[in-house]
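Colleague: Got a structure for you, written out below as structure tokens; questions coming shortly.
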Amino acid sequence: MGRHFLSRALAALTVGAFLFHASKAEAQAALPAGVSKEEAFGTILRASKWERLNVQVCWENPESDDAPYRSIVRSAAEDTWQRNSKIKFEGWGKCAQDTLGIHIRISDEGPYTKALGRFLDKRPDGMVLNFTFASWSQSCQKTREFCVYAVAAHEFGHALGFAHEQNREDAPSECRKDAQGTTGDYNVTKYDPQSIMNYCNPIWNGDGKLSTLDIEALQTIYGPPG
């Protein structure tokens, strides 16, 4: 009952507001709690939409040896979400305490974001990415470059406010059993089994590519490129 009540309460808070914009009070009410191993599909938490289209990205603990993998992450974000919208990811240097935007920590653990969208702004270690796969997902050691790329493409979807598709109420029951984390409060498109955000996608992390409906949802929220 609590989950349904919260969903209705969040929806009520945003009634009458300009599309996808929320007041400060609404933003606080919608702030995801805890780690965002919490996601949805073609679904966005409206209050998490970035109000600026130029989003800074920085690294908390970069090392010279991981420069090739940091470059892969940047390519993944730019090839997918940036190429298909008005969003521009900028910076990509070492984080300072007051650096705006998405702060990324490199760690050998399951990748995640601590929140969705703009709630990551200036948040220490807001996104965690794995470059070694020594402890987590060891099978990725054979295809490390691909795994870094595909995982980064997925996590940057969360960084723009998109949740996991399998969390949606219209997802198949066999997929909803894998629901994780925050559920979005606005279904931008119909349920998308091919979404890069869908754990139920038969192709792991969507092969690192946005589906047609991913692009439709992205452009609905952030506008087409150009």
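The values are calculated or read from the model by the stated rules, or taken from the named source; none is laboratory data. In this text the structure is predicted, and so the values were computed from the model without any measurement. Reconstructed Cβ throughout: ideal geometry from the backbone, glycine too, with neighbour counts over all protein chains shown.
Colleague: Check Asn84, Asn130 and return the single one that is touching a Pro at 6+ places or on another chain (Cβ under 8 Å) and either surrounded by 18 or more Cβ atoms within 10 Å (Cβ to Cβ) or aliphatic (A, V, I, L, M) (or both). Steps first, please.
Modeller: Details: Asn84 fails: either surrounded by 18 or more Cβ atoms within 10 Å (Cβ to Cβ) or aliphatic (A, V, I, L, M) (or both).
Unique residue meeting the criteria: Asn130.
Colleague: Here is a follow-up. Taking Pro62 as the residue in question, decide whether it is closer than 21 Å to Gly208 by Cβ and modelled with pLDDT of 95 or more.
Modeller: Working: closer than 21 Å to Gly208 by Cβ: no; modelled with pLDDT of 95 or more: yes.
So Pro62 does not fit the description; no.
Colleague: Contact list please: Cβ distance under 6 Å, first residue in the stretch 194-214 and closer than 17 Å to Gly161 by Cα and crowded, with 22+ Cβ neighbours inside 10 Å, second residue of a type in the set (Val, Ile, Thr) and modelled with pLDDT of 75 or more, pairs at least six apart or on different chains.
Modeller: Note: pairs meeting the criteria are Leu210/Thr80; Leu210/Ile196; Asp214/Ile196.
Colleague: Hey, among the residues in the stretch 87-111 that are of a type in the set (S, T, N, Q) and farther than 24 Å from Trp136 by Cβ, which one's surrounded by the most Cβ atoms within 10 Å (Cβ to Cβ)?
Modeller: Of all residues in the stretch 87-111, those of a type in the set (S, T, N, Q) come to 97, 99, 107.
Among the residues that remain, those that are also farther than 24 Å from Trp136 by Cβ are: 97, 99.
On the way: Gln97: 7, Thr99: 18.
That would be Thr99.
Colleague: Next question, about the same structure. Would you please list the contacts, defined by Cβ atoms under 7 Å and residues six or more apart or on different chains, that run from a residue in the stretch 146-159 that is within 14 Å of Gly110 (Cβ to Cβ) to a residue that is surrounded by 24 or more Cβ atoms within 10 Å (Cβ to Cβ) and of a type in the set (S, T, N, Q)?
Modeller: Glu155/Thr113; His158/Ser36; His158/Thr113
Colleague: A further question follows. Would you be able to say whether some residue in the stretch 134-145 is touching a residue at least 12 places away in the same chain (Cβ under 8 Å) and either part of a helix (DSSP H, G or I) or of a type in the set (D, E, K, R) (or both)? Don't jump to the end; show me each part of the working.
Modeller: In the first step, residues of the stretch 134-145 are kept if they are touching a residue at least 12 places away in the same chain (Cβ under 8 Å); the result is 134-137, 144-145.
When the remaining residues are screened for being either part of a helix (DSSP H, G or I) or of a type in the set (D, E, K, R) (or both), the result is 144-145.
Within the stretch 134-145, one or more residues are touching a residue at least 12 places away in the same chain (Cβ under 8 Å) and either part of a helix (DSSP H, G or I) or of a type in the set (D, E, K, R) (or both).
Colleague: Hey, among the residues in the stretch 53-81 that are within 17 Å of the chain's Cα centre (by Cα) and not in a helix (DSSP H, G or I), which one's surrounded by the fewest Cβ atoms within 10 Å (Cβ to Cβ)?
Modeller: That would be Leu53.
Colleague: In this structure, does Asp178 turn out to be surrounded by fewer than 18 Cβ atoms within 10 Å (Cβ to Cβ), at pLDDT below 75 and either touching a strand residue (DSSP E or B) at 6+ places or on another chain (Cβ under 8 Å) or aromatic (Phe, Trp, Tyr) (or both)? Step through it out loud before you land on a result.
Modeller: Numbers: surrounded by fewer than 18 Cβ atoms within 10 Å (Cβ to Cβ): yes; at pLDDT below 75: yes; either touching a strand residue (DSSP E or B) at 6+ places or on another chain (Cβ under 8 Å) or aromatic (Phe, Trp, Tyr) (or both): no.
No.
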